[in-house]
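Enquirer: Have a look at the structure that comes next, please.
The values are calculated or read from the model by the stated rules, or taken from the named source; none is laboratory data. Worth saying up front: this structure is predicted, and the values here are computed from it rather than measured. Here the Cβ positions follow ideal geometry from the backbone for every residue, glycine too, while neighbour counts run over all protein chains shown.
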Amino acid sequence: MYIQLAWAELKNLVASKNLLLQYVELETAYNVWTSEGNVIYRCRIDKDDPRNDDQIDFEDNYKDQCNKALIPRDQDGKPYARAETRPINCTTVFTGVGDSDSNIGDGKSLTWDFSNDDDLVTDGVPEGYKRKRIEFKFLDSVWIKDGTVFFFNAKKGSYADIYIVCPAGYYYYDNNGVPHLATEDTPIAHYVSRYPIQGDCPMGDELNSETCSSEIPNYYKFWLEITVPDSDTASNGAVVLEMYRRRTLVL
């Protein structure tokens, strides 16, 4: 996916997210870009005589720093040598709630309760079962590491699924790397698949990984689906995710 920006917008994005600038010099312009996940931000800087303001800024302050590999360093200037999966400039977060449109941590709660009809869906539900879908999102790109499932009064045959979903109007890549425009909310990853839950688990059932997911862009969303027998009127539970993100508060 490509997003065209003005030079001022592109350089501010690069500075705020510690991204790398790349460029190709043409006879009449510079094509400059940076990438974040599967999104490429780009701009064109025309070459004039005399030089224009964007050209002066790029040539004098940025050009010689482009097209170079970044060696991550700490605040003391020492190179990082790490055996962990946490991306540079991110922090570890444990959350049981998504984000709202404007704030971190006050979105949809990752909980369910079959004593009420909240969040019930009917599409694709097996005969003899019912399902709740908890839809949530994050303001920033995230990397999912681990998770814990808490549940109570779960009947035999109950299970959980979690999907990453591309909303309608956004792009995703198929398994062959071909981009597609989603015409409806489209699941693009199914990373918790029919995970069985039964009885009570007040201390939580942990789903652990040695590494983390690829970067999940902030315009994607998540579906947590809990499927239970029709006779269930009492089970409830929650999910807590361990993940990496660049911010924990909007400041």
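Enquirer: So is A160 surrounded by fewer than 18 Cβ atoms within 10 Å (Cβ to Cβ), within 25 Å of the chain's Cα centre (by Cα), in the same structural domain as A182 (by TED's automatic domain parsing) and under 18 Å from P187 (Cα atoms) or not?
Expert: no
Enquirer: Moving to a separate point now. Is it the case, given these coordinates, that L251 is out of contact with any strand residue (DSSP E or B) (no Cβ under 6 Å at 6 or more places or on another chain), without any contact (Cβ under 8 Å) to a residue 12 or more places away in the chain and assigned to a loop (DSSP other than H, G, I, E, B)?
Expert: Spelling it out, L251 is indeed out of contact with any strand residue (DSSP E or B) (no Cβ under 6 Å at 6 or more places or on another chain), without any contact (Cβ under 8 Å) to a residue 12 or more places away in the chain and assigned to a loop (DSSP other than H, G, I, E, B).
Enquirer: Just need a number here: residues in the stretch 194-232 that are under 29 Å from K155 (Cβ atoms) and either under 19 Å from the mean Cα position of the chain (by Cα) or buried (at least 17 other Cβ atoms within 10 Å of the Cβ) (or both).
Expert: 13
Enquirer: Right, D99: crowded, with 18+ Cβ neighbours inside 10 Å and assigned to a strand (DSSP E or B) or not?
Expert: no
Enquirer: Among the residues of the stretch 16-31, how many are farther than 21 Å from W143 by Cα and either in contact (Cβ under 8 Å) with a residue 60 or more places away in the chain or within 25 Å of the chain's Cα centre (by Cα) (or both)?
Expert: Final tally of qualifying residues: 2.
Enquirer: If you check G77 against the conditions, is it at pLDDT below 90, on the phi > 0 side of the Ramachandran plot and within 28 Å of the chain's Cα centre (by Cα)?
Expert: no
Enquirer: Condition first: surrounded by 14 or more Cβ atoms within 10 Å (Cβ to Cβ) and in a loop (DSSP other than H, G, I, E, B). Now tell me which residues in the stretch 102-111 satisfy that.
Expert: The answer is I104, G105, G107, K108, L110.
Enquirer: While we're on this one: When the stretch 233-251 is examined, which residues are found to be hydroxyl-bearing (S, T, Y) and over 29 Å from G157 (Cβ atoms)?
Expert: Answer for the stretch 233-251, where residues must be hydroxyl-bearing (S, T, Y) and over 29 Å from G157 (Cβ atoms): Y244, T248.
Enquirer: Same structure, new question: Tell me, which residue of the stretch 10-19 that is more than 17 Å from N218 (Cβ to Cβ) and surrounded by fewer than 14 Cβ atoms within 10 Å (Cβ to Cβ) is modelled with the highest pLDDT?
Expert: If we take residues in the stretch 10-19 being more than 17 Å from N218 (Cβ to Cβ) and surrounded by fewer than 14 Cβ atoms within 10 Å (Cβ to Cβ), then N12 is modelled with the highest pLDDT.
Enquirer: I've got another one for you. How many residues are more than 22 Å from R245 (Cβ to Cβ) and of a type in the set (S, T, N, Q) if we restrict to the stretch 179-217?
Expert: Residues meeting the conditions: 4.
Enquirer: In addition: Can you run down the residue pairs with Cβ atoms below 6 Å, 6 or more apart or on separate chains, where the first is in the stretch 1-14 and over 24 Å from V178 (Cα atoms) and the partner is polar (S, T, N, Q)?
Expert: Note: pairs meeting the criteria are V14/T34.
Enquirer: Now, a different point. May I ask you to verify whether Y41 is in a strand (DSSP E or B) and over 24 Å from L181 (Cβ atoms)?
Expert: Answer is no for this residue.
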